[in-house]
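The values are calculated or read from the model by the stated rules, or taken from the named source; none is laboratory data. Worth saying up front: this structure is predicted, and the values here are computed from it rather than measured. Neighbour counts run over all protein chains shown; Cβ positions are idealised from the backbone, glycine included.
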Amino acid sequence: MAKQRRPFVCGNWKLNHLREDTEQLTTALAAHVSNLTHVDVAIAPVATHLWIAQQARTNSALKLAAQNVSEFDSGAHTGEFSIAHIREMGCDFAIVGHSERRAHDADTNERVGAKVTACLKGGITPIACVGETLSDRESRKTFDVVGAQLRAILRACMPNSDVVIAYEPVWAIGTGKVATPDQAQEVHAYIRKLMRELIGTDFSPRTRILYGGSVKATNAAELMQQSDIDGFLVGGASLKIDDFLPIMQAAGGI
Ligand code: PGA
């Protein structure tokens, strides 16, 4: 049965690409994305280079995402940038609660919830990340950990909220160890069930759940066949067009 959700792929460039590469990759991607009618595509360059990407994209079918955003509107928060700032830079999306920020930048469940609230209030669609560590998985705490992260995100949501959830098992990020399609689907199904229980039967079937963690051209199509996987949050393989394009095509069923 065809999925009712439109596939979505977001490239998370992390701390990579200076000006020239940002311009070249953005321009090249924008040209391809205008021909891909069955998938939504966004890129998340380094925050300082969102301006460059905004100018380099030749059409707005290629969406822009921030890799993070402050939960505050303004004030004494050195080094931060707000929803209003990323909107001025052309963003429609913001990644919040990425595991690297949860581990190193004090993104607690509570703070991630506050960031989701700020996004929704300011008209930015959050791509809210959840995922367990290897030790969580080995001690059979995957559902407890992902459940607690998701509850904090969903507390900020209403039935009509526009959010994207990204399931990224920490042990699969940048390691080359991808979750099997069954492992990923099991957690995606759990996320969808919890969304239905907590927010309702309108929200759950229309909200996209992305998988992230060592996604490549060689595993994307198989993951995409799972009933609750609606696309990907891609790190390493989003940095070169030859790696990223086949993932976008696989998500779009090409
Ligand atoms: P990866 O990163 O694709 O390099 O594993 C994914 C992510 O961290 O979003």
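Observations on the model:
- Scanning the stretch 1-24 for residues that are in contact (Cβ under 8 Å) with a residue 60 or more places away in the chain, within 16 Å of the ligand (Cβ to nearest atom) and more than 14 Å from the chain's Cα centre (by Cα) returns 16, 17.
- The stretch 53-107, residues that are more than 16 Å from the ligand (Cβ to nearest atom) and among the acidic types (Asp, Glu): 71, 73, 80, 88, 92
Rundown of residues vs (1) without any contact (Cβ under 8 Å) to a residue 12 or more places away in the chain; (2) loosely packed, with under 15 Cβ neighbours inside 10 Å; (3) in contact with a Leu (Cβ under 9 Å, 6 or more places away or on another chain), yes/no style:
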residue	(1), (2), (3)
27	no, no, no
37	no, yes, no
41	no, no, yes
45	no, no, yes
54	no, no, yes
69	no, no, no
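- Enumeration of residues in the stretch 154-178 that are touching a strand residue (DSSP E or B) at 6+ places or on another chain (Cβ under 8 Å) and away from the ligand (no atom under 16 Å from the Cβ): 162, 163
- The set of residues from the stretch 209-222 being more than 12 Å from the ligand (Cβ to nearest atom) and crowded, with 18+ Cβ neighbours inside 10 Å comprises just one member, 209.
- Of the residues making up the stretch 148-181, those that are assigned to a helix (DSSP H, G or I) and either free of Cβ contacts under 8 Å to residues at least 40 places away in the same chain or buried (at least 16 other Cβ atoms within 10 Å of the Cβ) (or both) are 148, 149, 150, 152, 153, 154, 170, 171, 172, 181.
- Residue 197 being among the acidic types (Asp, Glu), within 13 Å of the ligand (Cβ to nearest atom) and either surrounded by fewer than 21 Cβ atoms within 10 Å (Cβ to Cβ) or at pLDDT 95 or above (or both): no
- Conditions (1) closer than 16 Å to residue 8 by Cβ; (2) within 16 Å of the ligand (Cβ to nearest atom): number failed by residue 236: (1)
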